[in-house]
Amino acid sequence: MPNTSRPQTPANAEQITYWNDVGGPKWVRYQAMLDRQLEAIGNRAITASKIHAGANVLDVGCGCGSTTLEIARRVGISGRCVGLDISRPMLEVAQERARDGVVGNASFVEADAQVHQFDPDFHIVFSRFGVMFFDDPVAAFTNLRRALQPGGRLAFVCWQALHRNPWMSVPMMAAFQHVKIEPPASQDAPGPFAFADVARVEGILASAGFHAAALTGVDVELAIGGGADIDDTVAFLMDMGPLGRALAGESADIRAAVTRDVKSSIASYTTGGGVRMSGAVWIVTASV
């Protein structure tokens, strides 16, 4: 069982509930598919973080642990990687994977990065799509800065805007004919695209005390659902993210119609290696 430090404040309460009751169990169910879909992006961000042998690394929003385990392998036995997440279901999988892989320099903590009390033990704070969900991102990054030693570095990867990510926008538009997909309350609301705006990210990091922030745009081709066949890919898309939330509680007829139209919308992207669609991310780096 991962170490537990449940927050005693209402910070990120909605996200904590979602990632324990809904989002976390879904990620566990699709863990293998998600790992295959996101592995190349995560590895590129790990390389950009300049992780080195002997480094102590904090992996924020580590989920089921794939990046934590990869980082632990790269830093070697003289270093360590601590995976931090608010989702107990995902952390239980991560801990099991570390045991099965005999990765002794990886550990996991159930805690909220916005309020957890860190010691300044880390050379690098890293995240693969795990930092866009804070209620107060300035407070969260200020707190994460406290986890870094002098001269430490921050590196994370986040999604660019929705219109730059057809892998999500195309099926959402197909589903929109049948269900109402609520937009976020504001562009700054916690969610997968909350860090799409360069100026906003730069402002958050500057306000949190980071320096020399740089955002590198990367266009990617994603094997949606990790290269599964089109039917499994459609099931994956309909269960995850905004589309999964929109379909919760809908009738069998509505779900059947959405299934049909989502499948039609991505059919032209089918290849011998599964459904492959384009996306765009920011790889963000900064220093203390």
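The values are calculated or read from the model by the stated rules, or taken from the named source; none is laboratory data. Remember, it's a predicted structure, so these values are computed and weren't measured experimentally. A quick note on method: Cβ atoms are made from the backbone with ideal geometry, for glycine too, and the neighbour counts reach across all protein chains shown.
Is it fair to say Val115 is among the β-branched types (Val, Ile, Thr), in contact (Cβ under 8 Å) with a residue 12 or more places away in the chain and part of a loop (DSSP other than H, G, I, E, B)? Even if it seems obvious, please write down each step before you answer.
Working: among the β-branched types (Val, Ile, Thr): yes; in contact (Cβ under 8 Å) with a residue 12 or more places away in the chain: yes; part of a loop (DSSP other than H, G, I, E, B): yes.
Taking the combined requirement at face value, the residue satisfies it.
Would you say Lys26 is basic (Lys, Arg), within 16 Å of Val157 (Cα to Cα) and either in contact with a Gly (Cβ under 9 Å, 6 or more places away or on another chain) or outside any helix (DSSP H, G or I) (or both)? Write out each step before concluding.
On the way: basic (Lys, Arg): yes; within 16 Å of Val157 (Cα to Cα): no; either in contact with a Gly (Cβ under 9 Å, 6 or more places away or on another chain) or outside any helix (DSSP H, G or I) (or both): yes.
When the stated conditions are applied, Lys26 does not pass them.
Quick one: would you say Val93 is touching a Leu at 6+ places or on another chain (Cβ under 6 Å) and either on the phi < 0 side of the Ramachandran plot or of a type in the set (Lys, Arg) (or both)?
Values: touching a Leu at 6+ places or on another chain (Cβ under 6 Å): no; either on the phi < 0 side of the Ramachandran plot or of a type in the set (Lys, Arg) (or both): yes.
Answer is no for this residue.
Looking at (1) modelled with pLDDT of 95 or more; (2) over 30 Å from Ala155 (Cβ atoms); (3) crowded, with 19+ Cβ neighbours inside 10 Å, which is the one condition that is false for Met238?
(1)
Only one residue in Ala189, Ala196, Ala213 is farther than 27 Å from Arg260 by Cβ and either exposed (fewer than 14 other Cβ atoms within 10 Å of the Cβ) or β-branched (Val, Ile, Thr) (or both), so which one is that?
Working: Ala196 fails: either exposed (fewer than 14 other Cβ atoms within 10 Å of the Cβ) or β-branched (Val, Ile, Thr) (or both); Ala213 fails: either exposed (fewer than 14 other Cβ atoms within 10 Å of the Cβ) or β-branched (Val, Ile, Thr) (or both).
Exactly one of Ala189, Ala196, Ala213 is farther than 27 Å from Arg260 by Cβ and either exposed (fewer than 14 other Cβ atoms within 10 Å of the Cβ) or β-branched (Val, Ile, Thr) (or both), namely Ala189.
In the stretch 246-260, which residue that is surrounded by fewer than 17 Cβ atoms within 10 Å (Cβ to Cβ) and of a type outside the set (A, V, I, L, M, F, W, C) is nearest to Gly225 (Cα to Cα)?
Within the stretch 246-260, the first condition is being surrounded by fewer than 17 Cβ atoms within 10 Å (Cβ to Cβ), and the residues that meet it are 248-256, 260.
Next cut, of a type outside the set (A, V, I, L, M, F, W, C) only: 249-251, 253, 255, 260.
Working: Gly249: 23, Glu250: 23, Ser251: 24, Asp253: 24, Arg255: 19, Arg260: 17 Å.
Of everything passing the filter in the stretch 246-260, Arg260 is nearest to Gly225 (Cα to Cα).
Taking the conditions exactly as written (in contact with a helix residue (DSSP H, G or I) (Cβ under 7 Å, 6 or more places away or on another chain), in contact (Cβ under 8 Å) with a residue 12 or more places away in the chain, basic (Lys, Arg) and closer than 20 Å to Ser49 by Cβ), does Arg128 satisfy them or not? Show your work before the answer.
On the way: in contact with a helix residue (DSSP H, G or I) (Cβ under 7 Å, 6 or more places away or on another chain): yes; in contact (Cβ under 8 Å) with a residue 12 or more places away in the chain: yes; basic (Lys, Arg): yes; closer than 20 Å to Ser49 by Cβ: yes.
Answer is yes for this residue.
Restricting the search to the stretch 21-47, which residues are under 22 Å from Pro137 (Cα atoms) and either among the hydrophobic types (A, V, I, L, M, F, W, C) or over 14 Å from the mean Cα position of the chain (by Cα) (or both)?
Those that are under 22 Å from Pro137 (Cα atoms) and either among the hydrophobic types (A, V, I, L, M, F, W, C) or over 14 Å from the mean Cα position of the chain (by Cα) (or both): Ala45, Ile46.
Mind checking which residues of the stretch 249-268 are touching a strand residue (DSSP E or B) at 6+ places or on another chain (Cβ under 9 Å) and touching a residue at least 60 places away in the same chain (Cβ under 8 Å)?
Ile266
Here are some residues: Ala208, Ala228, Ala174, Ala246. Which one is among the hydrophobic types (A, V, I, L, M, F, W, C), under 23 Å from Ala140 (Cβ atoms) and touching a residue at least 40 places away in the same chain (Cβ under 8 Å)? It would help to see each step written out before you state the result.
Numbers: Ala228 fails: under 23 Å from Ala140 (Cβ atoms); Ala174 fails: under 23 Å from Ala140 (Cβ atoms); Ala246 fails: under 23 Å from Ala140 (Cβ atoms).
Being among the hydrophobic types (A, V, I, L, M, F, W, C), under 23 Å from Ala140 (Cβ atoms) and touching a residue at least 40 places away in the same chain (Cβ under 8 Å) holds for just one of Ala208, Ala228, Ala174, Ala246, which is Ala208.
Would you confirm whether or not the stretch 136-148 contains a residue that is buried (at least 17 other Cβ atoms within 10 Å of the Cβ), at pLDDT 95 or above, touching a helix residue (DSSP H, G or I) at 6+ places or on another chain (Cβ under 7 Å) and outside any loop (DSSP other than H, G, I, E, B)?
yes
If Gln37 meets every condition in (1) within 17 Å of Pro192 (Cα to Cα); (2) surrounded by fewer than 18 Cβ atoms within 10 Å (Cβ to Cβ) apart from one, which number is that one?
With (1) within 17 Å of Pro192 (Cα to Cα); (2) surrounded by fewer than 18 Cβ atoms within 10 Å (Cβ to Cβ) applied to Gln37, the lone miss is (2).
Listed here are the residues, each with its yes/no results for (1) out of contact with any Phe, Trp or Tyr (no Cβ under 7 Å at 6 or more places or on another chain); (2) surrounded by fewer than 20 Cβ atoms within 10 Å (Cβ to Cβ); (3) part of a loop (DSSP other than H, G, I, E, B); (4) on the phi > 0 side of the Ramachandran plot.
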site	(1), (2), (3), (4)
Val109	yes, yes, no, no
Asp119	yes, yes, yes, no
Val125	yes, no, no, no
Phe134	yes, no, yes, no
Glu182	yes, yes, yes, no
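How do the pairs read when you match residues in the stretch 88-104 that are over 16 Å from Asp35 (Cα atoms) and in contact (Cβ under 8 Å) with a residue 60 or more places away in the chain with residues anywhere that are among the charged types (D, E, K, R) and surrounded by 16 or more Cβ atoms within 10 Å (Cβ to Cβ), using Cβ under 8 Å and keeping only pairs 6 or more apart or on different chains?
Arg88/Glu110
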